[in-house]
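Novice: To start, I am sharing the structure in question, which I have written as C-alpha cells.
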Amino acid sequence: CEVILAETKQSVLVTWGDPSAEQAQLDYAGFGLTITPATRIFTQGQDWVKSGIIKVQEMLKLNDRQKPRLYIFKNCINTIREFESYRWLEAKEAMNSQEKPVKTDDHCMDALRYFAVSWSPIGLQRYEEPVIIRTNPYTGY
C-alpha cells in the first residue's frame, strides 16, 4: 500500500481480484493490501467469465444521456492493447458449445471483469466486510 501511495499519490480504496487466486490474495495481504475476491455472477446461462464480459459490455454502452458507465482513459495503454487484441475461440459445431475468449495476454481484461461484476454505485453498493487473513506466528503463513 505504501508503494502504491508513494508512486501514484493515491491511496487504495478497494481492490478486487481473481476469486480462485487464494495464494495471490495471501501474498498481497502480507504487504498490507487486502484483495477482495471478485463476485461470481452468472447470467443468461453463461459461465462466470462470459457473464463478466457481458457486464463490461453493458457498462460500455451509452446510456440515455449518451454516456457510458465505464470509461477507459488513453493512458491505460495495456488495457487498450488487450481490447484490440482480444480474440474468441471458434465455437464447435456441437449444439451446446459456447464461444470462449482466448486466455492469452488478458490480465487487464480479467481485472476489468472483476471490477465490473463487483463494483456498484455508492448508495446501491452492497458492502461486505473484507476477509482479513491473519498470519500464523509459528509458520509465517
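The values are calculated or read from the model by the stated rules, or taken from the named source; none is laboratory data. Predicted model only: the values in this text are computed from it and were never measured. Positions of Cβ are backbone-derived with ideal geometry, glycine not excepted, and every protein chain shown enters the neighbour counts. The area values use the complete protein model at the heavy-atom level, side chains included, leaving out ligands, DNA and RNA. Shrake-Rupley method; radii C 1.70, N 1.55, O 1.52, S 1.80 Å.
Novice: Checking the conditions here, which among LEU13, LEU5, LEU62 is surrounded by fewer than 16 Cβ atoms within 10 Å (Cβ to Cβ), at pLDDT 90 or above and aliphatic (A, V, I, L, M)?
Specialist: LEU62
Novice: Quick one: is TYR114 part of a loop (DSSP other than H, G, I, E, B) and at pLDDT 90 or above? Step through it out loud before you land on a result.
Specialist: Numbers: part of a loop (DSSP other than H, G, I, E, B): no; at pLDDT 90 or above: yes.
No: the conditions fail for TYR114.
Novice: Answer yes if at least one residue in segment 38-45 is in a loop (DSSP other than H, G, I, E, B), out of contact with any helix residue (DSSP H, G or I) (no Cβ under 6 Å at 6 or more places or on another chain), at pLDDT 90 or above and open to solvent by 80 Å² or more (accessible area, probe 1.4 Å), and no otherwise.
Specialist: Among the residues of segment 38-45, not one is in a loop (DSSP other than H, G, I, E, B), out of contact with any helix residue (DSSP H, G or I) (no Cβ under 6 Å at 6 or more places or on another chain), at pLDDT 90 or above and open to solvent by 80 Å² or more (accessible area, probe 1.4 Å), which makes the answer no.
Novice: Consider only pairs whose beta carbons are under 8 Å apart and that are at least six residues apart or on different chains; among these, list those whose first residue lies in segment 21-36 and is within 17 Å of TYR114 (Cβ to Cβ) and whose second residue is of a type in the set (Phe, Trp, Tyr) and assigned to a helix (DSSP H, G or I).
Specialist: Filtered contacts from segment 21-36: THR34/TYR28; ILE35/TYR28.
Novice: Then there's this: Of all residues in segment 70-110 being basic (Lys, Arg) and modelled with pLDDT of 90 or more, which is nearest to the chain's Cα centre (by Cα)?
Specialist: ARG81
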